[in-house]
Amino acid sequence: MIGRKLTAWAAAAFMALMVPVLPAFAAEGDAPKADVVGEASSPSPKSPIRVKVVDYQKAEEGPGTFKLSGIAIAGKKVYIYLDEKPIAEVVAAEGDGAWAAEEKLEIDDKVHVVRVEQLDEATNLPAARAQFRISLSPPSPEDLAAPPPGLE
């Protein structure tokens, strides 16, 4: 009996440690967002990258129009990927870092991963990154639970 209580307590303690702790934000608007209809942002305030607009317009035939825009490190290239395939490369504007991309793509109803990143020129490693999932139809709970490719 004591062994079962100890096992249950250890399992509860382990689960409590596995629950991510969310930082407290000064105001409601300060919280980073990451969803298809909102914004996605990098975890580091030193290297901001935000996706403010995600839009896909289906075409009657052929590829539709996929639009993304946001802000990033000013004057640096922004690389955009859909399911690990490069789809666009733009430069963030000097000053405010605004960027926008529009590409003709065919996107199906599956869950897709969009990654927007900038590289450090000296190391060629990511300096800023935002990654999120999109779907033209509501995703299943299984799709939401699976980690994005590359983060498994």
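The values are calculated or read from the model by the stated rules, or taken from the named source; none is laboratory data. Just so it is clear, the model here is predicted, and its values are computed rather than measured. Please note: Cβ atoms are built from the backbone with ideal geometry, for glycine as well, and neighbour counts cover all protein chains shown. Keep in mind that these areas ignore ligands, DNA and RNA; they rest on the heavy atoms of the full protein, side chains included. Shrake-Rupley method; radii C 1.70, N 1.55, O 1.52, S 1.80 Å.
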*From the list Ala127, Ala122, which residue is part of a loop (DSSP other than H, G, I, E, B), within 15 Å of Lys77 (Cα to Cα) and out of contact with any Phe, Trp or Tyr (no Cβ under 6 Å at 6 or more places or on another chain)?*
Ala122
*Tally time: how many residues in segment 130-144 are in a strand (DSSP E or B) and open to solvent by 40 Å² or more (accessible area, probe 1.4 Å)?*
2
*Taking Ala127 and the conditions (1) crowded, with 17+ Cβ neighbours inside 10 Å; (2) at pLDDT 90 or above, which numbered condition does it fall short on, given that it satisfies the others?*
(2)
*Could we say that Lys67 is more than 17 Å from Pro48 (Cβ to Cβ), surrounded by 12 or more Cβ atoms within 10 Å (Cβ to Cβ), among the basic types (Lys, Arg) and within 18 Å of the chain's Cα centre (by Cα) here?*
yes
_segment 80-107, residues that are farther than 13 Å from Phe66 by Cα, touching a residue at least 40 places away in the same chain (Cβ under 8 Å) and surrounded by fewer than 17 Cβ atoms within 10 Å (Cβ to Cβ)_ = Asp83, Glu84
*Among the residues listed as Lys77, Lys110, the single one being out of contact with any strand residue (DSSP E or B) (no Cβ under 8 Å at 6 or more places or on another chain) and either among the aliphatic types (A, V, I, L, M) or open to solvent by 70 Å² or more (accessible area, probe 1.4 Å) (or both)*: Lys110
